[in-house]
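Structure first, commentary second.
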Amino acid sequence: MRFMLLFSRQGKLRLQKWYVPLGDQEKRRLGRELVQTILGRKAKMCSFLEWRDLKVVYKRYASLYFCCAIEEQDNELITLEVIHRYVELLDKYFGSVCELDIIFNFEKAYFILDEFLLGGEAQETSKKSVLKAIEQADQLQEVRAVYLPRPLIPLISQAF
Amino acid sequence: MSDVVERTLTALPSLLSSDPSPGRPSSTSKLGTLIRGITELTSKHDEEKLIQRELVSIKEQVSSPNTTMRQMKELMVRAVYCEMLGYEASFSYIHAIKLAQQGTALDKRVGYLAVSLFLNESHELLLLLVNTVLKDLQSTNLIEVCMALTVVGQVFPKDMIPAILPMVEEKLNHPKEIIRRKAVLALYKFYLIAPNQVQHIHSKFRKALCDKDPGVMSASLHIYLEMVTEKPESYKDLVVSFVTILKQVVGGKLPIDFNYHSVPAPWLQIQLLRILSLLGKNDRSTSEMMYEVLDESLRRAEMNHNITYGLKALTYVVQQDANLALQHQMTIIECLDHADLIIKRETLELLFRITNGQNVKVIVEKLLEFLRHSKDDYVTIDLGGKVTELAEKYAPDNSWFIRTMNTVFLLVGDQMQPDIPNSFLRLLSEGFESAEEDQQLRLLAVDSYVSLLQEQPARLPQRFLQVISWVLGEYSSVKEGLEPATVLRLLAPLLDLRHCSSETKSWVLAAMTKLSAGPACLSVAQELAERHGGSLDTTLRQRLHELQHLASDGELLRRVLPCSDGLEPLEVDSTLSFLDGFVSEALAAGAAPYKPPHQRQEELAQEKALSVEPYGLSLPLSLSSSSIAGRLSPTVLSMSSGLSGNSTELSPKGGSALRLEGVTRVWGKEGYLAKAALKPEEAAKTEVPCPLSVLQEGGSAPRTPVVSLPAPAPGPSLQAEREKQQLASCLFMGLGSQGAAGPCLMGKAEPTRHGFRKKVKGQGSSSGARGPSGDSASSSPSPLSAQSAMDNLLCSSPLDSGSTPSPADSAPSPADSAPSPADSATSPADPAPHLPHDLPANNRPCDAQEDLTEDTDTSETVVEGNSVAVVDPYDPEPLCLSPHLPEELCGLPRSEIRPLCRDASLVLSACCVRTDHSSLLVVFVSNASDSAARRFALQMTSGDLEVSRVRGGPEEEEEHVEGHSVAVYQYSLVPTRPSVHMELAGRASYQRPDGEPQSTPFSYGLSLPDFIRPLSVSTEEYGRLWLASSNDIKQNLALLSQEPDPLRATLHRLRDRLQLNVVDIIASEGIVACQLLQGPPCLMHCRLNAGCLAVWLRSSLPELPDCLLYHCQRALAQH
């Protein structure tokens, strides 16, 4: 994987992880243009793009877009599942995650991502192991994630 | 809020941490305030002001000595947030490192995170992190070790790898699986950025592969995928292990939490399948070992048909069998008009794959149409390459080819891949089978260019102008009645064009010079000279002068620019050796020696940057290899041999016009798909020699089964449908008939057809970049919509729930379309134990691990078949074979005689003998049985070596090995390219006394030192050679420091072990030279430096220094 971006419907970056060494300018430019490209696509359009020299896989969850740029030889479908597994992990950790959780606790989202993917490759795909690792590290911390009031809708049961 | 108050608040950690009230405690934190502040703003400008203020405040606080680590942590989180919004906070980088270094565990975590987000692996500040990482790796706190490994797996300075490598390696044996897993991934990262640093721990990777924890095992697969991609033949022995693991995964033996929506570990499965596909490629026996488990995996994976994405799958599938596309033609046609440009692009990609001689016109037209509207440069370049490739491969006739290429040159313009004009010109100049055709092609080109120049030359792209000039310069004489002076007058105005680059002007003038014969030309030349003689461009003036001179001297012109009838290949001296004299003169006169750009840059950087190891930088490999590639002429690179094909497509020349009649009839109202697929096949069977004619006359030819088309009601919708079907029949024309010839069509050219397809492109065109740039959406910073932000990510879908699946709706949701949902409910509950217990027993590499660390690892022979026993490396040598060594080879240095393979009667052994000018493989065939082995023959092949039999001619090809005797065979080995280890695969075949043929495979491993010879040169010669070589590598080597004279001792060890010649030792420096057998020299400059031997290797062959360095390291490591 080359990089992963999380951004809102307004185009605000919520999380960015770069697995290839790029300069800050380049990252900013690439991120901005890719976000614009994806936001310009209609809801029913394909989740995979070949954009410039990149293969991009994205998916929208509520107000948040998850977007990965992958290597030429990587499989798009399995990347889509990587995204979904990450969302599941966030969901389990925060307890029905929503965009605000990620905004206010973005460092936690990074920690979870680092336990799930390392150096751009899947590190651990077992949900249990990932969360265990996070919890162990969290025990050092006095505060766990700070929770926000939940929407009333029941959650993961409605995964689509 | 005043600064004091602010600090007081943050100094009370309990305020935040112990606040359990639900509310929104986080939004009262400073980050929360910042975030809310931003969302309340309405303009980008306000946001910028706010963040700048924030950054100033952060900056002030981080540099204050009173700031606690805890506050620092909070500040770092805010700095990361600002950076994410696109504002630079580089002042905080150093503090992030400090936080990682000095913070307690919880602050450290944020420090490391900030470092990994702020810095990339080439950032110089990272060097300051090395000590922290070292310290944490040794920590007794598991979490700290984890953090250190996590950061190492993401960003770590390449040059510092040796400092922490032993520690990371050691972690592979850690009792905690999470540590082992992270260590494996850190090593994976090292492998990617510096493969030769981790070469010595390959055996430990095998251990990781056998780890009882599935997470560690799957992490090791990342490394194996890389290594297998690079060198599949070295990992064939692991096929069994991979197959076993896959079997267990598919069989559901992993712990249940590895399941993903009831598919057992899909990521792991895909990884394994990718590795297996690499190992099984072009290897029947290996593939056979996989069939069973592949079948099982497929059976369990429900195929899911997401139409749009299926397109992509289809694109891959048609590479194997183009006929499969036939079944989906109407879908493909639908997708061709799809609103989503991505899907349109994929469709074109698919069409590109199924192109053949009959549908090429329609498909190229579709591609060009897309090209005309494309605004994205990547797409344009990629499609331009594709059209060119198709045109060269399948052009139905010359004029179509020229027309198509003209369009490509016009549309793609100057961003075009440079090899397109190159190969086009090469095609014109080299021609193909018939001289008549060649002339016709040139004539057509000249004709079309003349008319293009007459119209509007100003609008032509530069590259096209260059092509035009060259062609007119070379071939305008082909056209009768076209006076050179006329051409000159057409070309001359190009020099006046404002957008015409100086390069293009040179092309134009070169063309004019070629044509300038006769008085009429002289006057044009003089006119030009007057007009442009005052140009500031010296090249232009030079060319003009040449033109003028040559135009007036016809004799000289013929000698300087002879008419090229037969094209003599030009010899290019890429090493520029003809400049040697000049260089040495300049050096003697005191000029500074030339340094390649990267070296200069590096030295510059060393002056500026923190220099930890002044002599220890190893250059990135890519640099050294690219420098050699850069020297090749582009034409060499773009050249590739044409593929031969065996398609039955025997279309007569010119017979490729669109023929819609006949074919359209295939499309009945009901079920046109299946029948369409069937019909052409049948047609092909009835008349194999010319299936095309059958297709074309389909309607009238009585023997062709025709599916009648019911007269459709002429409604508008039907009309549209019929148009689509017509289009389909054009697009898919020729696929069925090809199918009769064999399933493998793609990329193959028919031998009897037009000869444009001399050249087959590499991946360039198919893997190019593409993708339309979408319309920009509104991105004004609107207040964060509380509602949308509160939406649960997993439960609200962006799509309206009632929507029906359409081709565009391609985002497969995991619940119903996971790639391989082997439903665990349907899989039989297997009582076998879980993977962790099962794995080690099934993995051979575990047992073999010890052997692999030995130098003799490659002597292990993997043999299939039941009549042959695998040679046990510990088996004592059955016969003393050294007396059988040919006399002339006695006394020469040689390797140990090692057994290769054996069966009931024969034992094969071999050794490698080094003579001054060759390396000989001596194979001993001992027949221990009573009867003779008849018709004995040995075959050997290798990817890295050229193998040729030394003694004996073809009459000896089949011979007998008598009972109780030893036959000796000699083979000369020459490396084709240097590599650390080289493998030789062979097969011994003979007839047993009962006439039964017997065949035994074997393999033999050699290493680079077998092919290294000392190079005796004087110190002066060495200096010259040094300057002539590039491809530097620098590295520090261990010194034999316990010896009285460490430098001398170390160099002599290298001399003895690796046959290097120590040219000279002066004080603390030494120079060493060697040579690859029948290859270029490799030079080594050694210097004592801080208890190490700093070596600097150079060679004209990019791989050689790298490989040699590896063996130097080994030679010094062994005692």
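The string of couplings for region B:213-220 from the Karplus curve (6.51, -1.76, 1.60, θ = phi - 60°) is 8, x, x, 5, 4, 5, 5, 5 Hz, one whole number per residue in order, with x for Gly and Pro.
Taking amide H positions as modeled 1.01 Å from N, with prolines and chain starts lacking one, the residues under 5 Å from A:Arg14 and 5 or more places away or on another chain are A:Leu6, A:Phe7, A:Ser8. Extension gain B:His499-B:Ser552, at 0.36 nm per residue separation less the Cα-Cα distance, in nm? Stretched fully, the B:His499-B:Ser552 segment lengthens by 16.1 nm. For region B:541-555, the residues whose backbone nitrogen is under 20 Å from a point 7 Å from the Cα of B:Arg531, taken along Cα to Cβ, are B:541-552. Here's how it looks for B:Gln1075: its modeled amide H is under 5 Å from those of B:Arg1013, B:Leu1015, B:Cys1082, which are all 5 or more places away or on a different chain. Residues B:Leu134, B:Leu1051 in ascending order of nearby Cβ atoms (within 10 Å, fewest first): B:Leu134, B:Leu1051.
Using Cβ point charges alone (K and R +1, D and E -1), the dipole size of region B:926-1059 about the Cα centre works out to roughly 500 debye. Put the Cα centre of region B:248-265 next to the Cα centre of region A:39-102 and the gap is 23 Å.
What size of dipole, in debye to the nearest 20, comes out for region A:13-85 about its Cα centre when the only charges are +1 on Lys and Arg C-beta atoms and -1 on Asp and Glu C-beta atoms? Spell out each step's value before the answer.
Details: 14 positive and 10 negative charges, 107 e Å.
Roughly 520 debye, rounded to the nearest 20.
Return the distance in nm (one decimal) between the two label points of a simple spin-label model at B:Gln1078 and B:Cys880, each offset 7 Å from Cα along Cα→Cβ. Placing both labels 7 Å beyond Cα along the Cβ direction yields 3.5 nm.
On full extension, the segment bounded by B:His45 and B:Ala937 gains 312.9 nm, given 0.36 nm per residue less the C-alpha separation. Legend: calculated FRET efficiency, B:Arg53 to B:Asn131, from the Cβ-Cβ distance at R0 = 30 Å, rounded to 0.05, equals 0.30. Work out the FRET efficiency for B:Ala458 and A:Arg29 from their Cβ-Cβ distance, taking R0 = 41 Å, and round it to the nearest 0.05. The formula returns an efficiency of 0.75 here. Spin-label model, B:Thr486/B:Gln440: points 7 Å from Cα along the beta carbon direction are separated by 2.3 nm. Could you compute the FRET efficiency for B:Thr1019 and B:Ala592, with r as their C-beta to C-beta distance and R0 at 22 Å, rounded to 0.05? Computed FRET efficiency for B:Thr1019 and B:Ala592 comes out at 0.65. Taking region B:252-273 and a reference point 7 angstrom along Cα→Cβ of B:Glu292, the backbone N atoms nearer than 20 Å belong to B:252-254, B:269, B:272-273. The label point for B:Glu1069 and the one for B:Asp283, both projected 7 Å from the Cα toward the Cβ, are 4.7 nm apart. Compared with the alpha-carbon gap, the fully stretched path from B:Ser523 to B:Gln138 is longer by 130.1 nm at 0.36 nm per residue.
Amide H contacts for B:Asp1064 (H built 1.01 Å from N in the peptide plane; partners 5 or more residues away or on another chain; cut-off under 5 Å): B:Ile1071.
Coordinate-derived values only; no laboratory data. None of these values were measured; they are calculated from a predicted model. Positions of Cβ are generated from backbone atoms using ideal geometry, with glycine treated the same way; all protein chains shown enter the neighbour counts.
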